[in-house]
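*Asks:* The following block contains the structure, expressed as C-alpha cells.
The values are calculated or read from the model by the stated rules, or taken from the named source; none is laboratory data. Bear in mind that the values here come from a model prediction, so they are computed numbers and not experimental data. Here the Cβ is made from the backbone with ideal geometry for all residues, glycine too, and neighbour counts use every protein chain on show. Protein only, heavy atoms only, side chains kept; ligands, DNA and RNA dropped before computing areas. Shrake-Rupley method; radii C 1.70, N 1.55, O 1.52, S 1.80 Å.
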Amino acid sequence: AQTRVDSWRAAFNTWLPKHMFFGWGVTGVGLVDAQFPRVIGESGLLGFFSFMWLLISVWRLAWQSLKQLADDPFAQSLIRGFLAGFIAILIQSITTNTNLN
C-alpha cells in the first residue's frame, strides 16, 4: 500500500514538475503500481488529459447507446454490464496498474 502512495506522491512532486507536458515516455518512470500516476508520469499533462478525454468519450458513447436502445432489453443488459465493468476498472485503476492485454 505504501508503494501506491509513493507512486502518487512521485507523480505530482517529482515526475510532473520536471516533464510537465510530455512526461518521461513509456517505462520512463519505472515500475508504477497505479494506472493514473503511471499515465501522468509517462505521458505528462497532455497525455493524461487525452486519456481522461478517451475515458469520458467511452462513457458518453455507452450512455448514449443505453438511452437509444431503451426498447431492447438484451442490448440494455449488455450496455449496463459494460458500464458496470468500466466503473469497476476505473476504481481499480486508482489503486493498481490496469493492463488489459
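*Asks:* Give the number of residues within the range 16-42 that are buried (at least 20 other Cβ atoms within 10 Å of the Cβ) and either more than 18 Å from the chain's Cα centre (by Cα) or not in a helix (DSSP H, G or I) (or both).
*Replies:* Residues meeting the conditions: 4.
*Asks:* Going through the range 4-29 one residue at a time, which ones are among the basic types (Lys, Arg) and modelled with pLDDT under 75?
*Replies:* Pass one, the range 4-29, residues among the basic types (Lys, Arg): 4, 9, 18.
Of everything in the range 4-29, just one residue is among the basic types (Lys, Arg) and modelled with pLDDT under 75, namely Arg4.
*Asks:* Across the range 63-73, what is the number of residues that are surrounded by fewer than 15 Cβ atoms within 10 Å (Cβ to Cβ) and assigned to a helix (DSSP H, G or I)? Let's see the steps before the verdict.
*Replies:* Step one: list which residues in the range 63-73 are surrounded by fewer than 15 Cβ atoms within 10 Å (Cβ to Cβ), which gives 63-64, 67-73.
With assigned to a helix (DSSP H, G or I) added as a condition, the list becomes 63-64, 67-68, 73.
Going through the range 63-73 one residue at a time, the tally reaches 5.
*Asks:* Looking at (1) at pLDDT below 90; (2) surrounded by 12 or more Cβ atoms within 10 Å (Cβ to Cβ); (3) within 10 Å of the chain's Cα centre (by Cα), which is the one condition that is false for Met52?
*Replies:* For Met52, the failing item is (1).
*Asks:* Condition check: open to solvent by less than 40 Å² (accessible area, probe 1.4 Å), over 30 Å from Gly23 (Cβ atoms), without any contact (Cβ under 8 Å) to a residue 40 or more places away in the chain and not aromatic (Phe, Trp, Tyr). Does Gln76 satisfy that? Before the answer, list the steps.
*Replies:* Numbers: open to solvent by less than 40 Å² (accessible area, probe 1.4 Å): yes; over 30 Å from Gly23 (Cβ atoms): yes; without any contact (Cβ under 8 Å) to a residue 40 or more places away in the chain: yes; not aromatic (Phe, Trp, Tyr): yes.
Yes, satisfied.
*Asks:* A further question on this structure: Are there any pairs with C-beta distances below 6 angstrom linking a residue in the range 83-94 that is among the hydrophobic types (A, V, I, L, M, F, W, C) to a residue that is surrounded by 10 or more Cβ atoms within 10 Å (Cβ to Cβ), with the two at least 6 apart or on different chains, and if so which?
*Replies:* Filtered contacts from the range 83-94: Leu83/Ala62; Ile89/Thr98.
*Asks:* Looking at the range 30-43, is at least one residue at pLDDT below 75 and at positive phi?
*Replies:* Checking the range 30-43: at least one residue is at pLDDT below 75 and at positive phi.
*Asks:* For the range 1-15, which positions are open to solvent by less than 90 Å² (accessible area, probe 1.4 Å), of a type in the set (A, V, I, L, M) and within 19 Å of Leu90 (Cα to Cα)? Show your work before the answer.
*Replies:* If we filter the range 1-15 for residues that are open to solvent by less than 90 Å² (accessible area, probe 1.4 Å), which is where we start, we get 3-8, 10-11, 14-15.
Then keep just the ones that are of a type in the set (A, V, I, L, M); that gives 5, 10-11.
Across the range 1-15, the qualifying residues are Val5, Ala11.
*Asks:* What's the number of the only condition in (1) modelled with pLDDT of 80 or more; (2) β-branched (Val, Ile, Thr); (3) exposed (fewer than 12 other Cβ atoms within 10 Å of the Cβ) that Ile89 fails to meet?
*Replies:* The failed condition is (3).
*Asks:* To continue, here is another question. Taking only pairs six or more apart or across chains, which ones have beta-carbon atoms under 7 Å, a first residue in the range 24-44 that is acidic (Asp, Glu), and a second residue that is open to solvent by 20 Å² or more (accessible area, probe 1.4 Å) and not in a loop (DSSP other than H, G, I, E, B)?
*Replies:* So the pair list comes out as Asp33/Thr3; Asp33/Arg4.
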